[in-house]
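Here the structure comes first, spelled out in structure tokens, and everything after it is commentary.
The values are calculated or read from the model by the stated rules, or taken from the named source; none is laboratory data. These numbers come from a predicted model, not from an experiment. Positions of Cβ are backbone-derived with ideal geometry, glycine not excepted, and every protein chain shown enters the neighbour counts. Keep in mind that these areas ignore ligands, DNA and RNA; they rest on the heavy atoms of the full protein, side chains included. Shrake-Rupley method; radii C 1.70, N 1.55, O 1.52, S 1.80 Å.
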Amino acid sequence: MEGDAFSFFAITALRLAGHLTAAGDRLAKPSGQTSARWQVLAAARHGDLSVAQIARALGLARQGVQRLTDVLEGEGLISYAGNPQHQRAKLVLLTTEGAARLGAIEIAQARWANELGAALKPAELDAARAVMGTVMQMLEADEASQG
């Protein structure tokens with residue numbers, strides 16, 4: 001049945017997400033970061049996003065991202081700047097030190113991805129990504145219709 005196949009897909013995707021988060025934590029640890037903090041640093045690289053916009057882009061709660069940005073600011077890895085679009089919603093900017101840490105993580109991630117990616121065909125990865133993208137669009141549409 002289609003429902004069973006989708007349930008198995010969802011369980012596998014959740015297990016994969018857990019493994020990817022753990023791998024991200026291992027990759028980010030030498031730079032004193034976690035995968036969640038790495039994601040926020042990467043988003044801050046754009047320089048034109050508020051905490052709320054970063055949270056939406058990452059699919060995380062705004063409050064959680066605010067806590068992360070406050071910690072990262074305290075460590076000198078990001079800074080806040082005025083937002084011409086919204087007086088209270090400051091923009092999150094990557095500092096020079098934040099960029100250096102992010103760069104070190106991304107170098108490690110590239111090596112890791114190249115090693116794992118060598119075991120799979122690009123077409124296989126493209127097909128998997130397409131299915132995941134379709135499921136995400138369906139879930140986002142369902143969420144939008146619910147509330």
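Results, tabulated for the structure shown:
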| item | result |
| --- | --- |
| Heavy atoms of Val51: accessible area, 1.4 Å probe, square angstrom to 10 | 10 Å² |
| Selected from Gln85, Gly32, Gly98, residue furthest toward positive end of dipole (segment 23-117; charges at beta carbon) | Gln85 |
| Probe 1.4 Å - accessible area at Asp4, Å² to nearest ten | 80 Å² |
| Solvent-accessible surface ranking, highest first, for Arg15, Arg45, Arg37, Arg101 at 1.4 angstrom | Arg15, Arg45, Arg101, Arg37 |
| Principal semi-axes in Å for segment 81-122 [√(5λ), Cα gyration tensor, largest first] | 35, 14, 5 |
| Structure-based [θ]222 nm, the chain - -39500 (n - 2.57) summed over DSSP H runs of at least 4, per residue, nearest 500 | -24000 deg cm²/dmol |
| Crossing angle, helix 35-44 versus the chain [Cα axis fit, 0-90 degrees, rounded to tens] | 60 degrees |
| Between segment 1-64 and segment 96-134, the Cα center-to-center distance that results, in Å | 13 Å |
| Using alpha-carbon coordinates, inclination of helix 122-146 to the longest axis of the chain, degrees | 70 degrees |
| Heavy-atom accessible area ranking, 1.4 Å probe, most first, across Glu2, Glu97, Glu143 | Glu2, Glu143, Glu97 |
| Cα centre as origin, Lys/Arg/Asp/Glu Cβ charges: the chain dipole, Debye | 440 debye |
| Area of Ile11 that stays accessible when all protein chains are in place (1.4 Å probe, Å², to 10) | 90 Å² |
| Isotropically averaged projected area of the chain, using the convex hull of Cα atoms (one quarter of hull area), nm² | 10.9 nm² |
| Gyration tensor verdict on segment 10-52 (Cα atoms; rounded if a/c is under 1.5, prolate if a/b is larger than b/c, oblate otherwise) | oblate |
| Total formal charge among the other residues, if their Cβ is under 12 angstrom from that of Ala22, Lys/Arg +1 and Asp/Glu -1 | +2 |
